[in-house]
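Take a look at the structure below.
The values are calculated or read from the model by the stated rules, or taken from the named source; none is laboratory data. Predicted, not measured: the structure shown is a model, and the values here were computed from it. Cβ coordinates were reconstructed from backbone atoms using ideal geometry, including for glycine residues, and neighbour counts include every protein chain displayed.
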Amino acid sequence: MTMEAYKYEDGSISYPGHPRGPGGTEPVDTVDLSEYTAEVITWTTSMATPPGVREPNSLAIVEFDVEGETVRAIGQLTTDEVDIGDAVEPVYVEELREPGAGIREPESQDWDGYRFEPV
């Protein structure tokens with residue numbers, strides 16, 4: 001599973017990828033952010049989470065440096081033992097939410113993706 005970002009003709013990189021980049025250009029390549037480490041820019045812990053989301057839910061905005069371009073992403077942390085400036089790496093998880101958490105349409109909660117883990 002890749003954490004796919006799009007690269008555009010001018011060298012900019014977007015995550016999540018968008019079909020149109022700066023000036024309306026189409027992507028020319030992709031970058032797998034899971035191959036990079038990132039720096040925690042800011043983070044918080046939510047104690048009042050929606051159904052199916054673990055509680056407490058620690059989230060971070062992280063910044064990747066990819067070929068001189070900065071790319072920011074938001075996502076769950078694997079722990080609340082982080083500080084601003086810490087290095088983290090994306091870690092793939094099969095379930096970001098618990099499908100059977102009392103939601104009428106459990107399959108709508110079947111999300112996989114990445115969490116950020118301190119290096």
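Looking at (1) without any contact (Cβ under 8 Å) to a residue 12 or more places away in the chain; (2) surrounded by 12 or more Cβ atoms within 10 Å (Cβ to Cβ); (3) farther than 21 Å from residue 119 by Cβ, which one does residue 47 not meet, given that it meets all the others?
(2)
Only residues that are more than 16 Å from residue 64 (Cβ to Cβ) and surrounded by fewer than 13 Cβ atoms within 10 Å (Cβ to Cβ): list them for the stretch 26-43, please.
26, 28, listed by residue number.
Quick one: which of 54, 72 is at pLDDT below 90, on the phi < 0 side of the Ramachandran plot and among the basic types (Lys, Arg)?
Just one listed residue meets the conditions, 54.
Does the stretch 59-77 contain at least one residue that is closer than 13 Å to residue 116 by Cα and more than 13 Å from the chain's Cα centre (by Cα)?
No - not one qualifying residue is present in the stretch 59-77.
Please work out if residue 41 is closer than 23 Å to residue 16 by Cβ, modelled with pLDDT of 95 or more and not hydroxyl-bearing (Ser, Thr, Tyr).
Yes; evaluated as a whole, the condition is true for this residue.
To keep it simple, each residue is scored yes or no on (1) under 16 Å from residue 41 (Cβ atoms); (2) hydroxyl-bearing (Ser, Thr, Tyr); (3) at pLDDT below 95; (4) in contact with a His (Cβ under 7 Å, 6 or more places away or on another chain).
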| position | (1), (2), (3), (4) |
| --- | --- |
| 86 | yes, no, no, no |
| 89 | yes, no, no, no |
| 95 | no, no, yes, no |
| 98 | no, no, yes, no |
| 102 | no, no, yes, no |
| 105 | no, no, yes, no |
| 108 | no, yes, yes, no |
| 112 | no, no, yes, no |
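The conditions are (1) exposed (fewer than 12 other Cβ atoms within 10 Å of the Cβ); (2) in contact with a strand residue (DSSP E or B) (Cβ under 6 Å, 6 or more places away or on another chain), and residue 23 fails exactly one of them. Which is it?
(2)
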